[in-house]
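Here is the structure we will look at.
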């Protein structure tokens, strides 16, 4: 019996991806910090869809967290055939708005954890007849974002990492995809401390539901798409980021974020 392992699965896009996969009869392993939320979601998924569900509560930014997760998988004899690297968050404001430790924790979760989990699970994924890696990027992956600079850079890393890994594994059983959502109706703006009225207005105008993003992401992953941009407006934004001069894009974004 194989499982889909989803990080950041207690809320938002990760929770919705877990639900979408369970509705398609994938067995699920939920990973996030909040044990009570994971327990409740695991019960709902199992009782609603009849799939096997388990959970592991851990802060993935802690030292040794990946080792603990891998030991849990070994002890449970779980086989992972799908890895969804969803856990992550953003911080808004100028670079001096937070401590370096705050940025370091964000970069650890957004970049180091997906690479570490992918690396550690790669032998198991390669041993399957068919397996999947889905990394969650962002529409911010496609340009620098003054006002959310380090977050955007971390998601650019995920985009580049995913595309390169997809090519490296092109002749294997593993399909690699990266989904880039834009504004999504989650607690992301609160966690990122986005309070500017222009930014809030833009987010509300372009908001997608996490359920809609999850369906697009899972559909694209199962079809073997490498790069998935969620939503028409976000696709237009990606096109504009490619067509327009970088300084024009950066100035426009800086105005939105009050920089």
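What's the extension gain from residue 70 to residue 244 if we count 0.36 nm per residue and subtract their Cα-Cα distance?
This chain segment gains 58.2 nm when fully extended.
Report the rotationally averaged projected area of the stretch 2-256 based on its alpha-carbon convex hull, in square nanometres.
Working: hull surface 53.0 nm².
That works out to 13.3 nm².
Using just the helices of the chain, give the 222 nm mean residue ellipticity in deg cm²/dmol: DSSP H runs with n ≥ 4 each add -39,500 (n - 2.57), and the total is spread over all residues, rounded to 500.
Helix-only estimate at 222 nm: -16000 deg cm²/dmol.
Nearest 10 degrees is fine. How inclined is helix 65-76 to the longest principal axis of the chain, computing both from alpha carbons?
The two axes meet at around 30 degrees.
Could you sort 149-155, 107-113 so that the peptide with the highest average Cβ count within 10 Å comes first and the rest follow in order?
149-155, 107-113
Could you give the nm distance between label points at residue 96 and residue 63, where each point is 7 Å from its Cα heading toward the beta carbon?
Placing both labels 7 Å beyond Cα along the Cβ direction yields 3.1 nm.
Using Cα-Cα distances under 8 Å and only pairs 6 or more residues apart, what relative contact order does the chain have, in percent?
Worked out over the chain, it gives 19 percent.
Express as a percent, rounded to the nearest 5, the fraction of DSSP beta bridges in the chain (both residues included) that run antiparallel.
0 percent
Using a Gaussian network for the chain with springs between C-alpha atoms less than 10 Å apart, which of these wobbles most: 144, 97, 131?
Maximum fluctuation in the GNM of the chain, among the listed residues, is at 97.
Rank 160, 138, 16 by mean-square fluctuation in a GNM of the chain with C-alpha springs under 10 angstrom and give only the top-ranked residue.
160
Please order 168, 20, 75 by the number of other Cβ within 10 Å, starting at the fewest.
75, 168, 20
For 72, 242, what's the fewest-to-most ordering of other Cβ within 10 Å of each Cβ?
If I rank by nearby Cβ atoms, fewest first, I get 242, 72.
Could you state the angle between the C-alpha long axis of helix 113-126 and the longest principal axis of the C-alpha atoms of the chain, as a value from 0 to 90 degrees rounded to the nearest 10?
40 degrees
Each reported figure results from applying straightforward, stated rules to the coordinates on display, with no laboratory input. This is a predicted model, so every value here is computed, not measured. Backbone-built Cβ (ideal geometry, glycine too); neighbour counts: all protein chains shown.
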